[in-house]
Amino acid sequence: MRILILTHRVPFPQNGGYPIVVGNTIKGLINHGHEVSLISLNVKKHTDKVLEPDELLRKIKYKEYDIDTRISWIEFVSNIFTKNSYNIDKYYDAGFEKLLVQNLKDNEYDIIQLEGLFVVPYLAAIRKSSKTRIVYRAHNIEHQVWRRLAQQKGDPIKKWYLNLLARRVKTYELELLNKFDGIAVFTGQDKASMLSFGTKTPMRVLPIGVDLAMYIPAPAKTECPSLFFLGSLDWLPNREGIEWFMNNFHKDIVDGELKVKFYVAGNNIPEEFDEYEVPGKVFIQGEVDDALEFINSKSIMIVPLLSGGGMRVKIVEGMAMQKCIISTTIGAEGINFKHGESILIANNADEFYNAVLKCVRDEEYCRTIGENARKLMEEQHDINKVTESLVDFYRSII
């Protein structure tokens with residue numbers, strides 16, 4: 001099959017949730033003998049560094065288009081008085097649309113896959129230029145992310161504004177859901193939500209797939225006990241979650257009963273997070289050169305998400321690396337876990353405290369949770385199995 005994938009950011013390198021999902025999808029399709037083309041918006045804020053060419057680029061047809069998604073204060077304020085959602089509209093560019101339309105005239109595809117809501121503004125142009133079946137992969141139900149963020153805010157102005165965004169995004173999402181030929185979601189929860197919205201489009205639940213050959217646990221390299229968080233803090237639910245954790249447990253780690261070193265790593269960590277750092281206790285490391293090596297070196301992963309949606313890539317990666325993970329229910333959405341067997345679920349401060357304390361004090365318990373997590377990934381998240389289901393879904397709508 002010939003498949004065109006559209007993304008709202010360049011998925012290279014694979015150092016975050018979105019790039020990992022897109023990269024693994026491409027790898028799986030190529031390994032199964034399909035021809036993949038990729039066209040990406042190149043958002044300037046993601047390209048500050050000079051990056052090594054990704055070897056995956058040699059195996060696909062690839063084009064990118066530079067776009068600046070920054071908006072002025074005047075544009076931001078004026079948008080409040082419109083019905084549009086600026087956080088979606090900012091990804092529309094007439095030049096990119098022209099490039100895309102020309103590509104569709106020059107090539108024939110069996111499937112066009114839109115990776116997330118932020119490339120959907122080009123749907124109308126695609127429909128005018130091609131009769132190819134279009135699959136929308138919903139990385140989140142986006143308005144639910146904003147609504148959950150609003151629910152966590154005490155500031156009435158921030159709550160009002162986030163609820164405004166949520167309402168606008170919801171209107172946009174619901175108007176589009178029956179305009180695709182197929183929808184792929186990561187979780188059963190997201191499928192149920194879409195069905196409740198009246199979606200008639202064929203839908204398939206396809207979990208995040210990983211190339212398990214890349215995830216090689218190395219217990220001998222692991223610091224036990226050690227606590228860590230890994231995630232991009234330019235994604236608001238991640239930042240909200242780690243701030244909640246710090247506010248609740250920083251003192252317990254520095255001076256209390258949680259006798260464990262805590263490491264925070266990821267992209268775009270704000271400078272003010274340096275204030276959390278305490279020598280020998282709390283380490284704010286920022287972006288790491290090798291995320292898998294970092295995961296391998298630590299023993300207990302926390303995912304304190306209070307909002308968000310979809311399936312968290314970092315949990316899948318942590319489980320594949322045989323880590324003991326403590327997560328909220330929201331953080332673990334879509335994963336077929338058993339609490340106390342393959343993951344630990346904690347939804348409030350007391351539950352998180354008790355889970356961390358148990359793991360810090362019982363290394364064998366921690367190791368068993370991690371081993372069960374790896375088995376779960378092998379059974380349900382192997383990229384080859386997920387790709388077979390994805391291709392079967394393609395064929396069912398052609």
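Quick notes on this structure:
- Within region 234-286, considering residues that are β-branched (Val, Ile, Thr) and under 25 Å from the mean Cα position of the chain (by Cα), the one nearest to ILE300 (Cα to Cα): VAL264
- Among (1) farther than 30 Å from VAL386 by Cβ; (2) touching a residue at least 24 places away in the same chain (Cβ under 8 Å); (3) not in a helix (DSSP H, G or I) - the single one ARG137 does not satisfy: (1)
- Long-range neighbours under 8 Å by Cβ, at least six apart or interchain, first residue at negative phi and in a loop (DSSP other than H, G, I, E, B) within region 87-103, second polar (S, T, N, Q) and surrounded by 17 or more Cβ atoms within 10 Å (Cβ to Cβ): LYS90/THR69; TYR91/THR69
- Top-ranked residue of region 98-154 - restricted to ones that are modelled with pLDDT of 95 or more, of a type in the set (D, E, K, R) and touching a Lys or Arg at 6+ places or on another chain (Cβ under 9 Å), ranked as surrounded by the fewest Cβ atoms within 10 Å (Cβ to Cβ): GLU108
- Applying a threshold of 9 Å to beta carbon distances and a minimum spacing of six or more residues, or different chains, the list of pairs starting in region 56-78 at a residue that is aliphatic (A, V, I, L, M) and ending at one that is modelled with pLDDT under 75 and surrounded by 13 or more Cβ atoms within 10 Å (Cβ to Cβ) reads ILE71/ASN79; ILE71/TYR86.
- Qualifying residue in region 226-249 (condition: in contact with an Asp or Glu (Cβ under 8 Å, 6 or more places away or on another chain) and free of Cβ contacts under 8 Å to residues at least 60 places away in the same chain): no
- Note on region 216-233: residues that are more than 18 Å from the chain's Cα centre (by Cα) and either among the basic types (Lys, Arg) or over 15 Å from PHE262 (Cα atoms) (or both) total 6.
- Test: TYR62 is at pLDDT 85 or above, in a loop (DSSP other than H, G, I, E, B) and surrounded by fewer than 20 Cβ atoms within 10 Å (Cβ to Cβ): no
- Within region 341-364, restricting attention to residues that are among the small types (Gly, Ala, Ser) and within 16 Å of ASN248 (Cβ to Cβ), the residue that is nearest to the chain's Cα centre (by Cα) is ALA346.
- Only one of the listed residues (LYS338, LYS375, LYS323) is closer than 13 Å to ILE302 by Cβ and under 24 Å from the mean Cα position of the chain (by Cα). That residue is LYS323.
- Checked against the criterion of being in contact with a helix residue (DSSP H, G or I) (Cβ under 6 Å, 6 or more places away or on another chain) and closer than 21 Å to ILE60 by Cβ, the candidates VAL135, VAL101, VAL119 yield just one match: VAL101.
- Residue ID - surrounded by the most Cβ atoms within 10 Å (Cβ to Cβ), chosen from residues in region 33-44 that are modelled with pLDDT of 95 or more and out of contact with any Asp or Glu (no Cβ under 6 Å at 6 or more places or on another chain): LEU38
Here is a yes/no grid of residues against (1) crowded, with 20+ Cβ neighbours inside 10 Å; (2) in the same structural domain as GLU364 (by TED's automatic domain parsing); (3) free of Cβ contacts under 8 Å to residues at least 60 places away in the same chain:
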{"position": "LEU292", "(1), (2), (3)": "no, yes, no"}
{"position": "SER299", "(1), (2), (3)": "yes, yes, no"}
{"position": "SER307", "(1), (2), (3)": "yes, yes, no"}
{"position": "VAL316", "(1), (2), (3)": "yes, yes, no"}
{"position": "CYS324", "(1), (2), (3)": "yes, yes, yes"}
{"position": "THR329", "(1), (2), (3)": "no, yes, yes"}
{"position": "GLU333", "(1), (2), (3)": "yes, yes, no"}
{"position": "ASP350", "(1), (2), (3)": "no, yes, yes"}
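- Residues of region 148-161 satisfying the condition of being without any contact (Cβ under 8 Å) to a residue 40 or more places away in the chain and under 20 Å from the mean Cα position of the chain (by Cα): ALA150
- Picking from residues in region 21-40 that are in contact with a Lys or Arg (Cβ under 6 Å, 6 or more places away or on another chain) and in contact (Cβ under 8 Å) with a residue 60 or more places away in the chain, the one that is farthest from ILE126 (Cα to Cα) is SER37.
- Listed by position, the helices (runs of 4 or more DSSP H) inside region 304-398 whose residues that are farther than 25 Å from ALA220 by Cα and of a type in the set (Val, Ile, Thr) number at least 3 are 383-397.
- Looking only at region 186-200, residues that are surrounded by 17 or more Cβ atoms within 10 Å (Cβ to Cβ) and touching a residue at least 60 places away in the same chain (Cβ under 8 Å) come to 4 in all.
- The set of residues from region 155-185 being among the small types (Gly, Ala, Ser) and either in a helix (DSSP H, G or I) or surrounded by fewer than 21 Cβ atoms within 10 Å (Cβ to Cβ) (or both) comprises ALA166, GLY182.
- Note on region 218-232: residues that are of a type outside the set (Gly, Ala, Ser) and either modelled with pLDDT under 90 or surrounded by fewer than 18 Cβ atoms within 10 Å (Cβ to Cβ) (or both) total 4.
The values are calculated or read from the model by the stated rules, or taken from the named source; none is laboratory data. Everything numeric here is computed off the predicted structure, so don't read it as measured data. We place every Cβ from the backbone using ideal geometry, glycine too, and count neighbours over all the protein chains shown.
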